[in-house]
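Q: One structure is given below, represented as structure tokens, and several questions about it will come after.
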Amino acid sequence: MFELIEAIDIDVDAGALAGAASGAGAGRARGRAWVDANHPLLRDHFPDAPVLPGTWALELAAQVAGPFVEELDRHRDQSNPGPDRGRPRWAVLAMVRSAKLKQPLWLPAALEIEARTMRVDAATVTVRVDIGRAPLSSEVAVTAELTFGLVEAPAGSSAVAQREARLARWKAAF
Amino acid sequence: MMTDPDLVAAVIPLVRDTLGLGEEVAISAGTLPFYDLRFTSMDLLDLIFRLEERFGVTIPEGTLYRLARGDLDDAEFCAQGHLTAQGRSQLLALLADSPLAIFPDRIHAATLQRFCTVAAFARLVAHLLAEAGRDRACSS
């Protein structure tokens, strides 16, 4: 489902990341996605009235928030004095703390996804993600709190290379 | 000023909500979330969020470590990731309401929360409220 995200922009506030006790306000990520009404997996959701499934909204939220969390972790690693400094970590979605589907997102839809930090711990980061039709300032349709666990990234696989290329593409497109 | 029993009574529903447990599951001050209710680290994080929201406190990572360490410096409290004998004594004193049998000889510094009772979490909140110099009444 990576084909739905079109662009991503990540902005880490290094000062806030270092200063805040909880890590709230340590940055923001914004993503853009396009979901077509004729997506083959949505024919039954629902016939003649395609609407974005809640699970898809959470998946899109994670696809934007995950790279954001990783970039936060990389920034934090720069001031890490420990022996594990420089070992990249991946963000794995560990908990959907809450998810509110405030209104249906009828398709087709150009979506904006915005993630902000709520809490930054050594091995987990919790972000709040808002999703709505572009521009997001109009009305938020989905709000979720997602917690990511940070795990050591595997090295040297083709999947990793594909992932890095995908992220670079998304960033360049913003 | 909320008394300790009032705080425990306010914390119990939060523990219950964290795991989605009904009233038929007995939870008391002495309940050990990790041992009795099978808490995971994600459940603990969820509970921390609930405590922060309910009581208006901030519980940064390392709060329990800091409380257990007290006036000891890091080297006196913890060596190579495990509590020293002195550190272990301090932890046991802080968590005196937890059964002695659950504390292993070597306690990893990252596992301190596993030994907390519900009452210990209430005491943590009380400490933070006192630190913040606030006096909050339980609100329904």
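The values are calculated or read from the model by the stated rules, or taken from the named source; none is laboratory data. From a predicted model like this one, the values you see are computed outputs, not experimental measurements. Positions of Cβ are generated from backbone atoms using ideal geometry, with glycine treated the same way; all protein chains shown enter the neighbour counts. When the accessible area is computed, the model is the full protein with side chains, heavy atoms only, and any ligands, DNA or RNA have been set aside. Shrake-Rupley method; radii C 1.70, N 1.55, O 1.52, S 1.80 Å.
Q: Just checking, how many residues over the range A:1-20 are open to solvent by 70 Å² or more (accessible area, probe 1.4 Å) and not in a helix (DSSP H, G or I)?
A: 4
Quick grid of which residues meet (1) among the aliphatic types (A, V, I, L, M); (2) without any contact (Cβ under 8 Å) to a residue 60 or more places away in the chain:
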position	(1), (2)
A:Leu4	yes, yes
A:Ala7	yes, no
A:Gly27	no, no
A:Val35	yes, no
A:Gly54	no, no
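Q: Of the residues B:Asp17, B:Asp46, which single one is closer than 21 Å to B:Ala126 by Cα, open to solvent by less than 60 Å² (accessible area, probe 1.4 Å) and modelled with pLDDT of 95 or more?
A: Values: B:Asp17 fails: open to solvent by less than 60 Å² (accessible area, probe 1.4 Å).
Going through B:Asp17, B:Asp46 in turn, just one is closer than 21 Å to B:Ala126 by Cα, open to solvent by less than 60 Å² (accessible area, probe 1.4 Å) and modelled with pLDDT of 95 or more: B:Asp46.
Q: Name the residues in the range A:125-140 that are within 14 Å of chain B (Cβ to nearest Cβ) and either of a type in the set (Ser, Thr, Tyr) or open to solvent by 10 Å² or more (accessible area, probe 1.4 Å) (or both), would you?
A: Within the range A:125-140, the first condition is being within 14 Å of chain B (Cβ to nearest Cβ), and the residues that meet it are A:125-128.
Residues satisfying the conditions are A:Thr126, A:Arg128.
Q: Where the second residue is assigned to a helix (DSSP H, G or I) and open to solvent by less than 60 Å² (accessible area, probe 1.4 Å) and the first is more than 18 Å from A:Ile5 (Cα to Cα) and lies in the range A:154-174, which pairs have Cβ atoms under 9 Å and are six or more apart or on separate chains?
A: Partner pairs satisfying both residue conditions: A:Pro154/A:Val160.
Q: Outside any helix (DSSP H, G or I), within 16 Å of the chain's Cα centre (by Cα), away from chain B (no Cβ under 13 Å) and aromatic (Phe, Trp, Tyr): is that true of A:Trp170 in this structure? Let's see the steps before the verdict.
A: Values: outside any helix (DSSP H, G or I): no; within 16 Å of the chain's Cα centre (by Cα): yes; away from chain B (no Cβ under 13 Å): yes; aromatic (Phe, Trp, Tyr): yes.
No.
Q: Let me ask another. What residue, of B:Arg50, B:Arg106, is in a loop (DSSP other than H, G, I, E, B), of a type in the set (Lys, Arg) and in contact (Cβ under 8 Å) with a residue 12 or more places away in the chain? Before you say what the answer is, go through the steps one by one.
A: On the way: B:Arg50 fails: in a loop (DSSP other than H, G, I, E, B).
Testing whether each residue is in a loop (DSSP other than H, G, I, E, B), of a type in the set (Lys, Arg) and in contact (Cβ under 8 Å) with a residue 12 or more places away in the chain leaves just B:Arg106.
Q: (1) away from every other protein chain (no Cβ under 14 Å); (2) closer than 30 Å to B:Gln80 by Cα; (3) in contact with a Ser or Thr (Cβ under 9 Å, 6 or more places away or on another chain): which one isn't true of A:Glu71, the others all being true?
A: (3)
Q: Identify, please: which residue in the range B:57-77 is within 14 Å of chain A (Cβ to nearest Cβ) and exposed (fewer than 13 other Cβ atoms within 10 Å of the Cβ) and is, among those, nearest to B:Ser41 (Cα to Cα)?
A: The first filter runs over the range B:57-77 and keeps only residues within 14 Å of chain A (Cβ to nearest Cβ), leaving B:57-66, B:74.
Subset that is exposed (fewer than 13 other Cβ atoms within 10 Å of the Cβ): B:66, B:74.
Working: B:Arg66: 19, B:Asp74: 24 Å.
Checked the range B:57-77; the qualifying residue nearest to B:Ser41 (Cα to Cα) is B:Arg66.
Q: Go through (1) free of Cβ contacts under 8 Å to residues at least 60 places away in the same chain; (2) open to solvent by 60 Å² or more (accessible area, probe 1.4 Å); (3) within 19 Å of A:Leu60 (Cβ to Cβ); (4) more than 14 Å from chain B (Cβ to nearest Cβ) for A:Leu93 and report which single condition fails.
A: Condition not satisfied by A:Leu93: (4).
Q: If you don't mind, another one. Give the residues of the range A:97-124 that are open to solvent by less than 30 Å² (accessible area, probe 1.4 Å), in a loop (DSSP other than H, G, I, E, B) and within 14 Å of chain B (Cβ to nearest Cβ), sorted by residue number.
A: Scanning the range A:97-124 gives a single hit, A:Asp121.
Q: Can you confirm whether B:Leu7 is within 14 Å of another protein chain (Cβ to nearest Cβ) and either part of a helix (DSSP H, G or I) or without any contact (Cβ under 8 Å) to a residue 12 or more places away in the chain (or both)? Give the derivation first.
A: On the way: within 14 Å of another protein chain (Cβ to nearest Cβ): no; either part of a helix (DSSP H, G or I) or without any contact (Cβ under 8 Å) to a residue 12 or more places away in the chain (or both): yes.
Taking the combined requirement at face value, the residue does not satisfy it.
Q: Taking the conditions exactly as written (in contact (Cβ under 8 Å) with a residue 60 or more places away in the chain and open to solvent by 40 Å² or more (accessible area, probe 1.4 Å)), does B:Ser28 satisfy them or not? Talk me through it step by step, then tell me what you get.
A: Details: in contact (Cβ under 8 Å) with a residue 60 or more places away in the chain: yes; open to solvent by 40 Å² or more (accessible area, probe 1.4 Å): yes.
Answer is yes for this residue.
Q: Here's something else I'd like to know. Can you tell which of A:Gly66, A:Gly86 is open to solvent by less than 20 Å² (accessible area, probe 1.4 Å) and more than 14 Å from chain B (Cβ to nearest Cβ)? Let's see the steps before the verdict.
A: On the way: A:Gly86 fails: open to solvent by less than 20 Å² (accessible area, probe 1.4 Å).
So the residue among A:Gly66, A:Gly86 that is open to solvent by less than 20 Å² (accessible area, probe 1.4 Å) and more than 14 Å from chain B (Cβ to nearest Cβ) is A:Gly66.
Q: Give B:Gln86, B:Gln80, B:Gln113 a once-over and let me know the one that is under 23 Å from B:Asp6 (Cβ atoms) and either open to solvent by 30 Å² or more (accessible area, probe 1.4 Å) or within 14 Å of chain A (Cβ to nearest Cβ) (or both). I'd like the intermediate steps shown before the answer.
A: Details: B:Gln86 fails: under 23 Å from B:Asp6 (Cβ atoms); B:Gln80 fails: under 23 Å from B:Asp6 (Cβ atoms).
After ruling out the rest, the residue left standing is B:Gln113.
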